[in-house]
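The values are calculated or read from the model by the stated rules, or taken from the named source; none is laboratory data. What you see is a predicted model; the values in this text were computed from it and never measured. In this analysis, Cβ positions are derived from the backbone assuming ideal geometry, glycine residues included, and neighbour counts consider all displayed protein chains.
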Amino acid sequence: MTISTLTFQTTALAQMEALETALSQTQSQLSTGKQLQNAADNPTAMTQVNLLNAQLSASQQQVTNGNLVTSGLQLEQNALSNATTALQSARDIAIEGNNSDLSLTDRQGLVAQLQQLQQTLLASANSQDAQGNYLFGGTASGAPPFAAGGSAVSYLGNDQVNQVQIGPDQSLSVGDAGSAVFMNIPAGNGTFTTAVTGTNTGSASIDTGSVTNPAAWVPDVYTVTFSSPTQYQVTNGAGSVVASGAYVSGNAIAFNGAQVTISGTPAAGDQFTATPAGKASVFSTIAGLITTLGSSTLSSAQISTQVGGAIQQIDAALNNFNNVQAGVGGRLNAITAAASSAQTTQTNLTASVSGLQDVDYAAAVTKLSSQELTLQAAQESYASIAKLSLFNYLS
């Protein structure tokens, strides 16, 4: 087959251009360390690299999220620890104040201590992070969540808490709403509260009571009335008698799946109540204790009953603090575990990306040498053949 000079030159030049392009590509790979320069090099591999890089970026962001949440949770732990210490001190003062031998002046000294502890609790509840966000405000973290007005403390935050992703299928709360930590604590024993009627003339007091048989418990307002210092009857909200008997100081009085213990000497006509429990805040509990210990009109029986109720309420608040702290500790452990898992995942992803994208230098150098030799041979053969003409053979 006859090949024209033009065809020969066109073909030869195209082949050398292709060799030069391949050589240039290999040189670029060696200089950048990447065998995938663009999607055209290997569309399938580039798609896989992009997917793996997206997963790697997401994993790195999740670790960053975890680090940010860790800082806030550690601050929350510190705030809860301070609040717990203050509340335990208040409990100790309540026990000290539940003593009929104390004078009003003695109790007022305890009141001053409680007022300081109330301020400590308020400061803990209004704790902030380094950016000035309030830890216990829920998603309304830009303003103090707790505000004091007289002896009352109001919650101005909300009940919502932001969620942050720390793993592929794992999210957690960045904090706890103040309403759940400081405000909505079951009052009394969690089921009912007890009280001494203000018109009582005897010296008897009542404990906080308990539910002994939940199946038999009927929520209602119950009144224990003494017809004499030795006889009592228990009536429900409708005035029906649900229990009665002879009174012995310190013995339990049972009714409808519950029991209370009255101690001391009641007078005829004295009454004690058991009312369904609602919710109380840490602040209202301390405020009530301050009012009780600072009163000059309450009887020793009334003080004993109210202080006993405050101690039980403080115990409920301390238990709530412990539960919240346990939840914070669990989230911190989860972040640590997620970060460890992410490190393994990122190592594997990086290795996969490297396998698809990075240059095998030994292979690339060998390839470059081969391409240079091939191009050199093509150029020399082209130059040699291009000089040939018919006159070379006629001579």
Please pick out the residue among 260, 248, 242 that is modelled with pLDDT of 95 or more, crowded, with 22+ Cβ neighbours inside 10 Å and outside the structural domain of residue 113 (by TED's automatic domain parsing). 260
Answer with yes or no whether residue 191 is surrounded by fewer than 20 Cβ atoms within 10 Å (Cβ to Cβ) and not charged (D, E, K, R). yes
Any residue in the stretch 210-228 that is within 30 Å of residue 93 (Cα to Cα) and touching a Lys or Arg at 6+ places or on another chain (Cβ under 8 Å)? no
Sort through 109, 97 and tell me the only one that's more than 26 Å from residue 320 (Cβ to Cβ), more than 17 Å from the chain's Cα centre (by Cα) and not hydrophobic (A, V, I, L, M, F, W, C). 109
In the stretch 109-130, is there at least one residue being in a loop (DSSP other than H, G, I, E, B) and at pLDDT below 90? yes
Filter result for residue 288 (closer than 17 Å to residue 311 by Cβ, surrounded by fewer than 21 Cβ atoms within 10 Å (Cβ to Cβ), free of Cβ contacts under 8 Å to residues at least 40 places away in the same chain and not aliphatic (A, V, I, L, M)): yes
